[in-house]
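Remarks on the structure that follows.
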Amino acid sequence: MEMSDQQEWEVDRSLEMLEDLGSPVENWIMWHPSGSFDDSFLDILRSRDYANGLTTRVDIADLFSDDRLLLPRLDTNDLPRDGAAAVNEWTSKVVT
């Protein structure tokens with residue numbers, strides 16, 4: 001099985017599993033496995049109408065300019081653990 005065929009098979013089985021569990025599959029979000037993806041994988045997600053895709057790139061997503069299938073994210077380790085912590089690089093970007 002070629003890589004794109006394998007990717008397509010895995011995406012389709014994931015959607016089938018979610019449907020079998022009674023979960024809605026409209027507007028589904030893909031967390032790219034280990035942050036990896038290629039153009040054929042993105043084409044598969046687009047053809048299945050995935051709403052968003054999250055990468056491992058650390059940043060705050062700009063929903064007006066970022067590709068909806070290649071959104072960056074913040075890891076919980078990037079955020080303060082204490083509600084009284086000083087503002088850090090990421091919290092200052094959100095607050096301003």
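The values are calculated or read from the model by the stated rules, or taken from the named source; none is laboratory data. Since the model is a prediction, treat every value here as computed from it, not as a measurement. FYI the Cβ positions are ideal-geometry reconstructions off the backbone, even for glycines, and counts take in every protein chain you see. Accessible surface is based on the protein model in full, side chains and every heavy atom, while ligands, DNA and RNA are left aside. Shrake-Rupley method; radii C 1.70, N 1.55, O 1.52, S 1.80 Å.
Quick look at the numbers
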| item | result |
| --- | --- |
| Two-site FRET efficiency, LEU54 against ASP82, from Cβ-Cβ distance with R₀ of 22 Å, rounded to 0.05 | 0.30 |
| Accessible surface of the chain, 1.4 Å probe, proportion on carbon and sulfur as whole % | 53 percent |
| Charge tally in the Cβ shell below 13 Å around LEU54, where Lys, Arg are +1 and Asp, Glu are -1, LEU54 excluded | -1 |
| For Cα Rg over 2.2 N^0.38 Å, calculated from these coordinates, the label among (1) 1.12; (2) 1.31; (3) 1.05 | (2) |
| Accessible surface, per residue, of the chain when the full set of protein chains is kept, probe 1.4 Å, Å² | 70 Å² |
| Positive-end residue, the chain charge dipole about Cα centroid, Cβ charges, pick of ALA86, PHE37, SER47 | ALA86 |
| Theoretical FRET efficiency, 1/(1+(r/R0)^6), r = Cβ-Cβ of SER65 and ASP43, R0 22 Å, to 0.05 | 0.55 |
